[in-house]
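Some notes on the structure that comes next.
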Amino acid sequence: MPLYKKIFLDALLVLKRYKIIGIFGFFALIFGGSVEGDIYYNFINTDKNSIYDLANRLSSGLFNKENLLNLPNNLINSASSAGSLWLTALMVIVIIVIILVLSVASHMIVIERAGTIIKSPKANLNSLKDLFFNYLSQSRAAVIKLSLANIVFKLFLILSFFIISSPLIFSSGLSNIPADFSYLILFVLFLPIIILASVYLRYLMISLTLNKNSFKIAATDAWALLNKNRLLSLEFSISVFIFSILVIFLTLLIINGLSIILFFLALAAQNFSYQAYVIVVALSYLVMFTIFLLSNALVSAFMISAWTSLYLELSKKASNNSPKGFIGSINTKLD
């Protein structure tokens with residue numbers, strides 16, 4: 001797979017040339033994350049699935065007759081705290097908006113740095129000061145528009161999760177077999193749509209960042225690119241997700257191995273004093289958390305750089321010479 005090899009080597013080159021990019025990868029990860037990860041936590045991992053939790057609450061009688069009759073009294077009793085609730089809600093919204101803008105801005109910085117390095121590996125790179133005060137100040141409109149686009153996508157994601165999980169919600173207390181079957185069918189139907197929608201958002205962010213076009217032109221360009229390379233985009237999205245899972249799994253193995261060493265260090269420190277034991281335990285948790293955080297940040301920066309490389313590859317190819325992924329190469333050989 002020459003295409004994937006080039007893309008991954010480009011992403012590694014970005015990390016090698018601009019090591020500080022991991023910081024922006026972390027901030028980009030805070031809000032953006034991975035739609036594939038969202039799918040895992042909302043569909044596959046039932047322990048973290050809020051829809052399953054809601055369905056279980058419904059089946060246990062959350063909205064029974066007694067609770068509904070007491071609802072007006074409960075609302076009246078909580079009216080005294082309405083002011084504090086509104087203030088808390090406002091603070092939460094402000095914090096979310098700040099995190100969103102910071103995440104989108106960091107995402108754009110990674111894309112801009114990755115695009116520059118991939119196009120010209122020996123190019124001189126601007127300092128962090130230039131990126132923050134010059135680049136971001138010139139791209140404020142793009143940051144705001146992409147933040148709104150991310151909000152729209154998150155709402156679309158939530159709506160999709162609700163539609164797919166609706167059989168579980170509206171069949172609480174009934175037989176689970178038809179509900180589970182309907183859930184599976186909707187999941188299979190919606191999964192490619194959700195992933196392709198996330199890919200479109202990635203292409204939109206990259207197009208708006210690298211080409212400096214208007215939002216309308218960038219949206220049109222991203223749609224044309226996705227429409228021409230739907231199968232490859234879907235395949236690549238799954239591939240980078242599997243790659244990220246493998247890296248995180250390897251990180252967890254390293255952390256588990258390190259935790260054994262730190263455990264024996266803590267036992268040795270306990271022979272000196274309880275304070276030494278507490279210090280070693282605290283430092284152990286700090287070291288392991290830092291390793292995990294750094295790994296996620298680098299994976300985030302790597303994935304954004306890889307998507308940027310793919311976008312550049314797709315953009316420079318003629319329509320009749322579009323690059324093919326693994327599945328496309330197999331189909332070509334079969335033909």
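The values are calculated or read from the model by the stated rules, or taken from the named source; none is laboratory data. Just so you know, these numbers come straight off a predicted model, no measurement behind them. Please note: Cβ atoms are built from the backbone with ideal geometry, for glycine as well, and neighbour counts cover all protein chains shown.
Residue by residue, here is whether (1) closer than 26 Å to Ala306 by Cα; (2) assigned to a helix (DSSP H, G or I) holds:
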residue: Leu157; (1), (2): yes, yes
residue: Phe187; (1), (2): no, yes
residue: Leu191; (1), (2): yes, yes
residue: Ala197; (1), (2): yes, yes
residue: Asn213; (1), (2): yes, no
residue: Leu250; (1), (2): yes, yes
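Which is β-branched (Val, Ile, Thr) and over 19 Å from the mean Cα position of the chain (by Cα), of Ile206, Ile193, Ile217?
The conditions single out Ile217.
Looking only at segment 198-226, which residues are surrounded by fewer than 22 Cβ atoms within 10 Å (Cβ to Cβ) and β-branched (Val, Ile, Thr)?
Answer for segment 198-226, where residues must be surrounded by fewer than 22 Cβ atoms within 10 Å (Cβ to Cβ) and β-branched (Val, Ile, Thr): Ile217, Thr220.
With (1) within 29 Å of Ile96 (Cβ to Cβ); (2) at pLDDT below 80; (3) not basic (Lys, Arg) as the list, and Tyr18 as the residue in question, which single condition is left unmet?
Single failed check for Tyr18: (2).
Applying the selection to segment 85-113, what residues are at pLDDT 80 or above and hydroxyl-bearing (Ser, Thr, Tyr)?
Residues satisfying the conditions are Ser103, Ser106.
Give the residues of segment 283-303 that are more than 25 Å from Leu12 (Cβ to Cβ) and loosely packed, with under 11 Cβ neighbours inside 10 Å, sorted by residue number.
Leu286
Check Ser233 against each of (1) modelled with pLDDT of 85 or more; (2) among the polar types (S, T, N, Q); (3) outside any helix (DSSP H, G or I) and name the one condition it does not meet.
Among (1) modelled with pLDDT of 85 or more; (2) among the polar types (S, T, N, Q); (3) outside any helix (DSSP H, G or I), the lone unmet condition for Ser233 is (3).
Among (1) among the small types (Gly, Ala, Ser); (2) in contact with a Leu (Cβ under 6 Å, 6 or more places away or on another chain); (3) at pLDDT 90 or above, which single condition is Ser284 missing?
Every condition holds for Ser284 apart from (3).
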